[in-house]
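Read the structure below first, then the notes.
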Amino acid sequence: MTGLRYVYAVCRPFGTPLQAQLTGVGGDPPRLVPHRDLVAVVSHVPEADFAEESLRAHLEDLDWLTAVARAHQGVIDALTTVTTPLPLRLGTVFRDDSGVRSMIEAREENFLRGLDRLEGRVEWGVKVYLESEPEQAPEQPAPQPAAMSGRDYLRRRREQTRSREDQWQRAETFATRLHANLAGFAEDSRLHAPQNPTLSGHRGRNVLNAAYLVPRGESEAFVEQVERTKDDSPGLRVELTGPWAAYSFAGEEAAGEEPAGGRTAGEGTT
């Protein structure tokens, strides 16, 4: 099959085959491109969709981008069951296998260092949400006089503002304490920017958005630690996701400069 090479991850060679029915971006099954002590996991994608100008246009199409992201994640998830992958950025594309091998050779030292650090470890995500006001039981308005004085109106507004500030302070205190506790169970942690509920679709206000690098053998204890906190603070929701490939901890090794012949989504082709 002809086409560009979409690269999902770099791994050490592994003997366990991937799922027979696994497909990648564009429906093409992933395959391995070996080079020295590493392999890249790739699939063919059509140049009509992934050449620089076409890809730039597609990045404005949320449905198309979502489909690509899901296929990309599916391959990474499959890899995580058989080996330790070092995930590359979404939309990393090369013209041919030779370009993929050149990329591995140029970044071999970084890849090996990253794989050594991530071997036998997975990423867990923990988010804390302050439940939004629509989720709370509506208060029955107290009987009011026909007209409210300006002083009474300002007093009520101050009380409402103070109540919201108290809720937010309680949420921040809980999230800070939880993160410190979980970071003690993990080998490394990352604090990400809070998610915008309009974009994420999650209800409530995101107070904590964190990732934790945990050895596989200690994952059960980590999950139990999270579960014990879920009822500690009414009005707050704790969400646990994972285990994932260690996206948040692959940064420097996986996101270096691309050599000639390749580029990542949003970057120029050389």
Quiz prompt | Phi-based couplings in Hz for the stretch 212-223 (Karplus 6.51, -1.76, 1.60; Gly and Pro marked x) | solution = 9, 8, 10, x, 3, x, 10, 5, 4, 5, 5, 4
Exercise. Rounding to the nearest 20 debye, state how big the charge dipole of the stretch 8-55 is about its Cα centre with +1 on each Lys and Arg Cβ and -1 on each Asp and Glu Cβ.
Key: 420 debye
Practice problem: Would you mind listing how long the stretch 11-58 runs along its three principal axes, going by Cα atoms, in whole Å with the largest first? | Solution: 38, 26, 11
Quiz item: Stretched out fully, how many nm does the piece from Trp64 to Asp97 gain, at 0.36 nm a residue minus the Cα gap?
Solution: 9.4 nm
Exercise. Any chance you could run the full-extension gain for Glu109 through Arg216? It's 0.36 nm times the residue separation minus the Cα-Cα distance, nm to one decimal.
Key: 36.1 nm
Exercise. Work out the charge dipole of the stretch 11-75 with +1 on the Cβ of Lys and Arg and -1 on the Cβ of Asp and Glu about the Cα centre, then indicate which of Gln19, Pro29, Ser54 is farthest towards its positive end.
Key: Gln19
Quiz item: Taking a label point 7 Å from the Cα of Thr16 along the Cα→Cβ vector, which residues of the stretch 109-126 have an amide N closer than 14 Å to it?
Solution: 120-122
Quiz item: Expressed in nm², what is the orientationally averaged projection area of the convex hull enclosing the Cα positions of the stretch 28-84?
Solution: 4.8 nm²
Quiz item: Where does the stretch 1-126 land on the Kirkwood hydrodynamic radius, alpha-carbon pairs, in angstrom?
Solution: 15.0 Å
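Throughout, read-outs are computed from the coordinates displayed, never taken from laboratory work. All figures in this text were calculated on a predicted structure; none of them were measured in a lab. FYI the Cβ positions are ideal-geometry reconstructions off the backbone, even for glycines, and counts take in every protein chain you see.
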